[in-house]
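Working notes, structure below.
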Amino acid sequence: MTAMLAKTSTCPLHRRMYAKLALMAAGLALLAAAPMFLYPVFLMKLLCFGLFAAALNLVLGYGGMVAFGHATFFGGAAYVTAHAIKEWGFGAGSGLMIGVAFALVAGFLMGIIAIRRQGFYFAMTTLALSQMAYFAFFQAPFTNAEDGIQRVPRPNFLGFVPLADNLALYYFVVAVFLIGMAVIWRVIHSPFGASMTAIRENETRTLSLGYRVNRYKLTVFVISAGLSGLAGSLKVLVFQIATLTDVAWQMSGEVILMTLLGGVGTFLGPVIGAALVLTIQNYMASTSVPVTIFIGAAFIICVMLFRKGIVGEIDAFMRREWAADSIRKKVELQ
Amino acid sequence: MIFGVPLVALASQLVLGLFNGAFYALLSLGLGVIFGLLRVVNFTHGAFYTVGAFTAFLLTNQAGLSFWASLLIAPLIVAALAAVLERSLLRKLYGLDALYGLLLTFGIALLIEGMLQMFFGVAGQPYQVPAVLSGTSNLGFMFLPHYRAFAIGISLLLCLLTWLIIEYTSLGAKLRAATENSSLLEVFGVNVPLLLTCTYAFGGALAGFAGVVAAPVFQVSPLMGSNLIIVVFAVVIIGGLGSITGAIVSGLMLGVLEALAKVYWPPSANLVPFLIMAVVLFLRPRGLFGKGE
């Protein structure tokens, strides 16, 4: 009887794993087939912002720190990549890499100052520092201020993948997106990720257990910055332009909304949140209503009504169902 | 000539710096009072400032009221708006992680800004300086625009008044007590929820007042608040949240330093507040006037 019980009680776990595998396969199939139904450039935009939001989620959801300055990494890396490709003749791969390198350095600099304070102070400090970066970019000669860097070429990747073709570029973007998401998955499910969760749940206790909390926080902040940079650099390849919009504080707010809407601290939530926000923005662009109204209202609704986000709420619902299911099974057995 | 800059130019920049600093002081004072009691970083503060300016603009240009009447009425309207927001939305988040308050007020700020944009467009609207204050005086070494002097004077007066209220009246004592331990205060029979609403409304009124005073000098535009509020955040971090002296002193100081930067190395002017903030965070993470937590 106990053996049977043990067997049935592990059953929901297995089912959850199968469900996740099926979800992954469906997701990959969807990514492969999507450009046949939808405009590839919009899909690529969606993937870039999905990666950006997922990167922010590392800090926001798994680190428990509200970072209000991620636009600096996203837009800053975009500027660097655009300049490197257009003026220095970099390729696609090296262009992405130099953008990420910039974001890592910027993330280190911002992080080392911002993690000195927690909570609101952290939020306000990152916001203020990113505003400083905004003015610096605005005045730097290579960004062309309001004009931005335009008409950035799409060089071949590794010399033979023709990124000038939208479909080829789409699959390239998908590949980079998946690599980015894999890095995030690995970070979350590593001992490092577990330590981050401990810090989020109770920083003082983790500190007293002998963890160098600030070093962990800085590391996760830098990783998140680097991935945000990757997303920003990728966006340059898609739109061939880098502008002030991407470094402005409104962008930092938008990406927080994407993460919040999809589900803070869930793996796929930010991507779904990004898709939702971009789709609605796309729709609103054809009306005369300013998009800030939608963003503001979405923030209010999200914070007031469903703080777990879409994926977070679904996840909670499924967990309840599974728990109820396994109890029902146990009762039947007895 | 001082370091190669004519005295007249330097003096008028300093007045401009004090003028900006007075706004920083008024706004960071309100932010500080709200934060102290509600533990909410009020992102909507910039929007309150903008709403104050727009209300004055409408009161004068549509309803034909004088500048002085607007200066009294507009802050009251902003206070009412703030009270409604606190009662209907903010209040429901008090038990939760305080960062939700920040995100909520951020959303409200965007919503208000977006609506103003929809009705008035992004372009700035002009607002007349009242006739009494429109001249300038020659002080010998510089020309002092009357309105600037008035704005600096009245803002500082309001800061001083706020400080006196908080330090020396029984209402201020209750406010400070609630900041220390609100549940204990409630046990003594003080209506703490009402106190919270009033505090939020008062902070909003200060921001609205600043908006009215700013309207004749800067153009009245939907984005005037959001550009200012980030600098004010830097001011608050430099001064230390919850310190009234800190808010006023660092507000004025930052205004003046910004003006000096404009004179000696113009491209750095926008960066100065944030650079100072970074240095302060490094040397004194609690801010210049901040107490331990």
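The values are calculated or read from the model by the stated rules, or taken from the named source; none is laboratory data. Note that the coordinates shown come from a computational prediction; the quantities given were computed from them, not determined experimentally. Every residue, glycine among them, receives a Cβ derived from its backbone with ideal geometry; neighbour counts consider all protein chains shown.
A few points about this structure:
- Applying the condition of being in contact with a helix residue (DSSP H, G or I) (Cβ under 9 Å, 6 or more places away or on another chain) and not hydrophobic (A, V, I, L, M, F, W, C) to the range A:191-203 and asking which residue is farthest from A:ALA55 (Cα to Cα) yields A:GLU203.
- Of all the listed residues (B:LEU206, B:LEU171), the sole one being surrounded by fewer than 19 Cβ atoms within 10 Å (Cβ to Cβ) and either outside any loop (DSSP other than H, G, I, E, B) or touching a Gly at 6+ places or on another chain (Cβ under 6 Å) (or both) is B:LEU171.
- Candidate set: the range A:59-118, residues that are in contact with a Lys or Arg (Cβ under 9 Å, 6 or more places away or on another chain) and aromatic (Phe, Trp, Tyr); chosen: the one surrounded by the most Cβ atoms within 10 Å (Cβ to Cβ): A:PHE74
- Only one entry of B:GLY124, B:GLY101, B:GLY95, B:GLY135 meets the criterion of being touching a residue at least 12 places away in the same chain (Cβ under 8 Å), of a type outside the set (A, V, I, L, M, F, W, C) and either under 18 Å from B:GLN219 (Cα atoms) or surrounded by fewer than 14 Cβ atoms within 10 Å (Cβ to Cβ) (or both), and that entry is B:GLY124.
- The set of residues in the range B:271-289 that are more than 9 Å from every other protein chain (Cβ to nearest Cβ) and aromatic (Phe, Trp, Tyr) contains only B:PHE289.
- Put simply, of A:VAL289, A:VAL271, A:VAL303 the only residue that is within 14 Å of chain B (Cβ to nearest Cβ) and modelled with pLDDT of 85 or more is A:VAL303.
- Residues in the range A:36-56 that are touching a residue at least 24 places away in the same chain (Cβ under 8 Å) and surrounded by fewer than 18 Cβ atoms within 10 Å (Cβ to Cβ): A:VAL41, A:PHE42.
- Residue within the range B:180-191 that is closer than 16 Å to B:GLU86 by Cβ and modelled with pLDDT of 85 or more present: yes
- Considering B:SER226, B:SER221, the condition of being over 19 Å from B:ILE166 (Cα atoms) and either touching a Lys or Arg at 6+ places or on another chain (Cβ under 8 Å) or away from every other protein chain (no Cβ under 13 Å) (or both) is satisfied by B:SER221 alone.
- Checklist (1) modelled with pLDDT of 80 or more; (2) surrounded by fewer than 24 Cβ atoms within 10 Å (Cβ to Cβ) applied to B:GLY292, failing item: (1)
- Taking the range B:118-156 as the range and being part of a helix (DSSP H, G or I) and within 14 Å of another protein chain (Cβ to nearest Cβ) as the test, the residues that pass are B:MET118, B:PHE119, B:PHE120.
- Filtered residues of the range A:122-163 (kept if part of a loop (DSSP other than H, G, I, E, B) and within 30 Å of B:LEU281 (Cα to Cα)): A:ALA140
- Check on A:LEU261, closer than 28 Å to B:ASN227 by Cβ and surrounded by 14 or more Cβ atoms within 10 Å (Cβ to Cβ): yes
- Positions within the range A:299-315 being surrounded by 13 or more Cβ atoms within 10 Å (Cβ to Cβ) and part of a helix (DSSP H, G or I), in sequence order: A:PHE299, A:ILE300, A:CYS302, A:VAL303, A:MET304, A:GLY309, A:ILE310, A:VAL311, A:GLY312, A:GLU313, A:ILE314, A:ASP315
- Scanning the range A:122-163 for residues that are over 19 Å from A:PHE74 (Cβ atoms), surrounded by fewer than 23 Cβ atoms within 10 Å (Cβ to Cβ) and at the interface with chain B (Cβ under 9 Å from one of its Cβ atoms) returns a single hit, A:GLN139.
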